[in-house]
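In what follows, a structure is listed as structure tokens, so that the remarks can point back to it.
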Amino acid sequence: MSSQFIKAFTNLFKKPQTTTYPQDAIERTENYRGLIEYTENECIYCLKCEKACPPGAILFVPCEDPVPNDKNKKSLKYEYNPWLCIYCTECIRACPKAELALTQSDKKPQIGVKGDRVNSEWTILEQLKKGV
Amino acid sequence: MSKKIVQIPLGSQHISLLEPVKFKFSCENEKIIDVDSDVGFVHRGIERACTTKFKYDKIAYVVARVCGLCAITHSLTYTMSAESLLEGEVSMKAKYLRVLMVELDRIHSHMLCLSHVSENAGYEALFMQIMGDREPIMNLQEKISGNRVQFDYIDIGGVNRDISLSVEDDIKVSLKELRGKIEDLINEFENNYTLSLRFKGIGALSLKEAQEFNALGPIARAAGLVTDVRSESNDLPYSEIGFKIVTSSGGDIYARNMVRLHEILNSITMCENIVSGIPEGEIKTKFKGKPNGEALFRLEAPRGELMYYVKGSSKPMLDRLRIKTPTFASIPAFVEIFKGQEYANAPAILASFDPCMSCTAK
């Protein structure tokens with residue numbers, strides 16, 4: 001019992017276990033899961049990432065003025081919702097040109113505020129995809 | 001003293017109870033004579049979503065969201081039940097990495113429970129200390145999987161990330177440190193009056209009651225019932241890595257604490273054995289086909305037996321998914337333990353059950 005009392009007392013003079021975020025940066029591990037980054041001119045528009053994504057955070061939606069790319073025969077545009085993404089990297093594992101077209105960076109997403117229209121804008125894209 | 005019966009509710013929001021569960025106690029003076037329970041406060045319809053919104057190969061990520069503490073056990077149990085309906089073979093390396101994550105998860109889950117037990121004994125300093133000691137284990141899991149809580153580490157065919165040599169060294173160092181700390185804690189839980197005398201004989205469950213009311217996990221093992229899925233199935237290589245079943249007698253809070261502490265030591269041994277002998281091989285293999293037929297799979301979660309039932313008919317969507325969680329199955333035993341106890345002991349007894357309502361209501 002006395003040893004625990006001494007330990008509890010000495011704990012009072014130790015550094016806190018917690019990190020004072022955001023004053024001090026959080027240590028990022030080698031395996032840190034950051035934003036998924038997309039390079040348009042490497043993409044072959046196979047749509048495998050869209051099918052593999054568990055929460056549906058990647059959509060290829062039809063648009064009228066797509067970026068010129070020979071592979072983009074259906075005039076699609078890549079859309080990504082970082083606030084829906086769970087950073088599991090299923091899309092990168094499904095991508096035939098992984099490390100070129102789709103990569104995982106060590107960047108964090110911004111905090112999604114109301115002004116970003118995180119939900120409502122994305123719902124419109126989902127409906128556009130379904131052709132509603 | 002009057003014989004009047006008073007109804008006292010505990011929950012669904014209570015100062016000493018973190019989980020959204022409601023117990024309605026009928027008390028005669030200070031003594032609990034009858035208990036009524038309600039667990040459905042956080043129902044999210046996950047089972048239904050798994051059969052209507054998500055394809056079978058994405059469900060491992062969905063069911064991980066059932067629970068924050070045993071996320072890895074949920075995704076592993078689903079994955080293994082789906083794999084039994086598909087064609088393919090998981091490599092030995094992937095199996096070892098899966099067990100490593102499950103056992104690390106068990107260590108930090110048990111430590112969380114022990115910290116809450118000490119907090120309920122009025123021992124705030126020990127609560128802080130155990131939570132601090134638990135942090136290196138969370139960091140190890142982050143180093144292995146990339147995430148601190150929702151690991152998204154297990155998928156059909158194997159695991160998503162390989163383990164590097166530097167992480168293996170980190171695991172060895174952290175576990176060695178933790179072993180010393182747990183041995184000190186065992187001494188503390190045995191000899192400190194606040195934790196030993198206070199809890200001896202409180203919230204006891206006899207062996208016969210444990211069998212009768214279907215107690216699971218550490219609650220059953222503390223009552224002397226030898227039940228552990230890890231020793232009952234050969235799907236994961238537990239026999240090769242030094243698994244030993246831990247049981248105790250008495251079935252009270254003290255015995256439950258002891259079972260948990262010794263299970264942590266056993267899990268540390270298993271993790272050390274895994275890290276020192278990970279076999280060579282692929283981390284992921286391809287599985288063919290779509291789930292066809294029925295599968296029932298069990299795995300030992302930190303709180304007891306977790307069971308998944310999967311039914312598919314060669315379609316991308318499953319026909320049925322049923323999750324039976326350990327806390328839900330143990331509710332009859334919980335109710336039985338409360339009967340005859342003093343009301344003042346109810347929060348301490350409840351903390352020693354380590355209930356997970358997020359799992360239960362899903």
- Subset of the stretch A:52-91 [of a type in the set (S, T, N, Q) and more than 13 Å from chain B (Cβ to nearest Cβ)]: A:ASN69, A:ASN72, A:SER75, A:ASN81
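Pull up the stretch B:1-35, narrow it to residues that are charged (D, E, K, R) and in a loop (DSSP other than H, G, I, E, B), then point me to the one that is nearest to B:SER118 (Cα to Cα). Working first, answer last.
As a first pass, look at the stretch B:1-35 and keep what is charged (D, E, K, R): B:3-4, B:19, B:22, B:24, B:28, B:30-31, B:34.
When the remaining residues are screened for being in a loop (DSSP other than H, G, I, E, B), the result is B:3-4, B:19, B:30.
Details: B:LYS3: 33, B:LYS4: 33, B:GLU19: 17, B:GLU30: 23 Å.
The selected residue is B:GLU19.
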- Message: Condition (residue is in contact with a Pro (Cβ under 7 Å, 6 or more places away or on another chain) and at pLDDT below 90) applied to the stretch B:115-122: is it met by at least one residue?
- Response: yes
- Query: Would the stretch A:120-131 turn up any residue that is within 29 Å of A:THR29 (Cα to Cα), charged (D, E, K, R), out of contact with any helix residue (DSSP H, G or I) (no Cβ under 6 Å at 6 or more places or on another chain) and surrounded by 14 or more Cβ atoms within 10 Å (Cβ to Cβ)?
  - Reply: no
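State whether the residues of the stretch B:104-114 include one that is within 20 Å of the chain's Cα centre (by Cα) and closer than 30 Å to B:PRO316 by Cβ. Steps first, answer last, please.
Residues of the stretch B:104-114 that are within 20 Å of the chain's Cα centre (by Cα), as a first pass: B:104-114.
Now narrow it down to the ones that are closer than 30 Å to B:PRO316 by Cβ: B:105.
Among the residues of the stretch B:104-114, at least one is within 20 Å of the chain's Cα centre (by Cα) and closer than 30 Å to B:PRO316 by Cβ, which makes the answer yes.
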- So which of B:ALA215, B:ALA220 is in a helix (DSSP H, G or I), within 16 Å of the chain's Cα centre (by Cα), surrounded by 23 or more Cβ atoms within 10 Å (Cβ to Cβ) and among the small types (Gly, Ala, Ser)? B:ALA220
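Filter the stretch B:261-319 for residues that are among the aromatic types (Phe, Trp, Tyr) and either touching a Pro at 6+ places or on another chain (Cβ under 8 Å) or not in a loop (DSSP other than H, G, I, E, B) (or both) and give the result. Step through it out loud before you land on a result.
Of the stretch B:261-319, the ones among the aromatic types (Phe, Trp, Tyr) are B:287, B:297, B:308-309.
Selection gives B:PHE297, B:TYR308, B:TYR309.
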- Item | Qualifying residue in the stretch B:187-202 (condition: under 19 Å from the mean Cα position of the chain (by Cα) and more than 9 Å from every other protein chain (Cβ to nearest Cβ)) | no
- Message: I'd like to verify a number: residues in the stretch B:252-310 that are out of contact with any Asp or Glu (no Cβ under 8 Å at 6 or more places or on another chain) and aliphatic (A, V, I, L, M), how many?
- Response: 10
- Item | Unique residue being within 29 Å of B:ILE219 (Cβ to Cβ) and more than 10 Å from every other protein chain (Cβ to nearest Cβ) when the list is B:LEU175, B:LEU126 | B:LEU175
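Quick check on my filter: what residues within the stretch A:71-99 are assigned to a helix (DSSP H, G or I) and buried (at least 16 other Cβ atoms within 10 Å of the Cβ)? Full working, then the answer.
Initially, the stretch A:71-99 is screened for residues assigned to a helix (DSSP H, G or I), giving A:90-94.
Correct list: A:GLU90, A:CYS91, A:ILE92, A:ALA94.
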- the stretch B:146-161, subset outside any loop (DSSP other than H, G, I, E, B) and among the aliphatic types (A, V, I, L, M), residue surrounded by the most Cβ atoms within 10 Å (Cβ to Cβ): B:ILE154
- Message: So, in the stretch B:36-90, how many residues would count as being away from chain A (no Cβ under 13 Å) and either over 20 Å from B:ASN160 (Cβ atoms) or not in a helix (DSSP H, G or I) (or both)?
- Response: 26
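Return the residue satisfying two criteria in turn: it lies in the stretch A:1-45 and is of a type in the set (A, V, I, L, M, F, W, C) and more than 11 Å from chain B (Cβ to nearest Cβ), and of such residues it is farthest from B:SER145 (Cα to Cα). Lay out the reasoning, then the answer.
Step one: list which residues in the stretch A:1-45 are of a type in the set (A, V, I, L, M, F, W, C), which gives A:1, A:5-6, A:8-9, A:12-13, A:25-26, A:35-36, A:43-44.
Restricting the remaining residues to those that are more than 11 Å from chain B (Cβ to nearest Cβ) gives A:6, A:13, A:25, A:35-36, A:43-44.
Working: A:ILE6: 37, A:PHE13: 34, A:ALA25: 20, A:LEU35: 16, A:ILE36: 17, A:CYS43: 27, A:ILE44: 29 Å.
Restricting to residues being of a type in the set (A, V, I, L, M, F, W, C) and more than 11 Å from chain B (Cβ to nearest Cβ), the top hit is A:ILE6.
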- Enumerate the pairs (first residue in the stretch A:4-18 and on the phi < 0 side of the Ramachandran plot; second residue anywhere and of a type in the set (Asp, Glu) and assigned to a helix (DSSP H, G or I)) with beta-carbon separation below 7 Å, excluding pairs fewer than 6 apart on the same chain, so at least 6 apart or on different chains. A:GLN4/B:GLU188; A:GLN17/B:GLU135
- Message: Can you tell me how many residues within the stretch B:186-209 are part of a loop (DSSP other than H, G, I, E, B), in contact (Cβ under 8 Å) with a residue 60 or more places away in the chain and closer than 17 Å to B:VAL335 by Cα?
- Response: 4
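Does A:GLU50 count as among the acidic types (Asp, Glu), more than 30 Å from B:LYS181 (Cα to Cα), touching a strand residue (DSSP E or B) at 6+ places or on another chain (Cβ under 8 Å) and part of a strand (DSSP E or B)? Write out each step before concluding.
Values: among the acidic types (Asp, Glu): yes; more than 30 Å from B:LYS181 (Cα to Cα): yes; touching a strand residue (DSSP E or B) at 6+ places or on another chain (Cβ under 8 Å): yes; part of a strand (DSSP E or B): no.
No, not satisfied.
The values are calculated or read from the model by the stated rules, or taken from the named source; none is laboratory data. All values reported here derive from a predicted model rather than from experimental measurement. Please note: Cβ atoms are built from the backbone with ideal geometry, for glycine as well, and neighbour counts cover all protein chains shown.
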